[in-house]
1. Given axes a ≥ b ≥ c from the Cα gyration tensor, I'd like to know whether region A:1-48 is rounded (a/c under 1.5), prolate (a/b larger than b/c) or oblate.
2. Roll a 1.4 Å probe over the protein chains and send me the accessible area per residue for region B:58-173 in Å².
3. Using DSSP to define loop residues, name the GluC sites (Glu not before Pro) in region B:81-180 whose beta-carbon has at most 13 other beta-carbon atoms within 10 Å.
4. At a probe of 1.4 Å, how much accessible area disappears from chains A and B on forming the pair, both sides counted, to the nearest 100 Å²?
5. Using only alpha carbon pairs under 8 Å that are at least six residues apart, calculate the relative contact order of chain B and give it in whole percent.
6. Let me know the mean shielding of B:130-141 by other chains, meaning the per-residue number of their Cβ atoms within 10 Å of its Cβ.
7. Along region B:119-126, what does the Karplus equation 6.51 cos²θ - 1.76 cosθ + 1.60 (θ = phi - 60°) give for ³J(HN,Hα), rounded to whole Hz, x for Gly and Pro?
8. Does the protein assembly as shown come out rounded, prolate or oblate by the C-alpha gyration tensor, with a ≥ b ≥ c the root eigenvalues, rounded set by a/c under 1.5 and, if not, prolate when a/b is larger than b/c and oblate if not?
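The values are calculated or read from the model by the stated rules, or taken from the named source; none is laboratory data. All of these numbers come straight from a predicted model, not from anything done at the bench. Virtual Cβ from ideal backbone geometry, glycine too; neighbours counted across all protein chains shown. Ligands, DNA and RNA are stripped out before the accessible areas are found, and what is left, the full protein with its side chains, is counted by its heavy atoms. Shrake-Rupley method; radii C 1.70, N 1.55, O 1.52, S 1.80 Å.
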2 protein chains.
Amino acid sequence: MRADAQRNRARVLAVAAEIFASEGLSVPVHEIARRAGVGTGTVSRHFPTKEDLFAAVLLERMKELSEQADALTGSPGAFFTFFATLVREAAANRGLAEALGGAGFDVEAAAAQAGYDVTARLNALLASAQESGEVRPDITYPDVKALMAGCLSADLSDPATLDRLVAVVSGGLRGTARDS
Amino acid sequence: MRADAQRNRARVLAVAAEIFASEGLSVPVHEIARRAGVGTGTVSRHFPTKEDLFAAVLLERMKELSEQADALTGSPGAFFTFFATLVREAAANRGLAEALGGAGFDVEAAAAQAGYDVTARLNALLASAQESGEVRPDITYPDVKALMAGCLSADLSDPATLDRLVAVVSGGLRGTARDS
DNA sequence: GTCGAAACGGGACGATCATCCCGATTCTAG
DNA sequence: CTAGAATCGGGATGATCGTCCCGTTTCGAC
């Protein structure tokens, strides 16, 4: 790969990450190209479709999150900790939140394409939390995803909101719950 | 209003209600007109914008739901019952679910325009449930809306899924929770 | 330094829709 | 029955975007 092409690719990726995070998925590709100081053709050569671009952006964060999940595995409350981490990550990333909420692209597909399967990690943490009785046994992975999307659908301008929602959901997921 | 115009308006409204419920908000106005057997001009004359059409569709259901809420007021667990009713209503109505999830139109505005303020009802039920200690005191109305959206974002082809999610959220909202 | 290949820029294209407009049609009061 | 006004149908219009294409520029191996 030519050096200039490599630079441009990295630049587009960085700009796209920033824009997707702050403005969501609906920003036009033209705008990303403009802010990156390249032509639209350059973007679409490196990332044939908008979804490819989004998947590439996601790839970096996925790696980190996967490692974090692995580090947590085995410790008590790992599922709840990782759940909160994921929600917080998405709360700070509008594009990711939209994708998780179903609007736009398929996060699972992008994650799978990435190779770092955060989905599988969360699933595993869920299963062991259920075995140890930390989480109601009837809950499924899609349930968790939906509840996560719910937390993200709120207006998060007040950071306490997210904590409250995560607390509600976490409490509801426990087989044995406790007072607020 | 001319008799034929009245008939057409009612017909468009009925068809739109059916289509919005089964296929969501993204269906083109042309398609609604086509299935109603009228021209697009007829639709846009009765309902200047797509959002007006959606608001008119909502109006009918809002009336029913508001009355249900009023009937419940005062009885124990009213908040939880009404919450479940609302979620079930939206689960059977893809357009409403999308609107509640933030994609598309502003439900609150449509409801307010309708005069039947389901929002206010749910808010009142929440407040009295908090006074009686049924619901955590720190919860806000937007929190409830977000959690509702979460329940609806799941794949609901299995009806048990909705029950499970409502149970989790209800349990999480209680000041004092209980086993699954 | 030269030249072929790779990459670039950005405009063209095509698809999707909501909304508006206007000539044709239908209703209804008198 | 008739005239005029309300209504109708559906194509035109305009906006938004993602994707593709191609003439031009730049890179880098030799």
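1. It comes out prolate by the Cα gyration axes.
2. Details: 4850 Å² over 116 residues.
Accessible area per residue, region B:58-173: 42 Å².
3. Details: sites: B:Glu89, B:Glu98, B:Glu108, B:Glu131, B:Glu134; in loops: B:Glu134.
Here no loop site has a sparse enough neighbourhood.
4. Working: alone 9510 and 9500 Å², together 16930 Å².
Looking at A and B, the buried total is near 2100 Å².
5. Details: 169 pairs, mean separation 39.5, N = 180.
It rounds to 22 percent for chain B.
6. Working: counts 0, 0, 0, 0, 0, 2, 6, 1, 6, 5, 6, 0.
The mean count of partner-chain Cβ atoms within 10 Å per residue comes to 2.
7. Karplus values, whole Hz, x for Gly and Pro: 3, 4, 4, 4, 4, 5, 5, 4.
8. On the way: a/c = 2.31, a/b = 1.11, b/c = 2.07.
Judged from the Cα gyration tensor, the protein assembly as shown comes out oblate (a/c at least 1.5, b/c at or above a/b).
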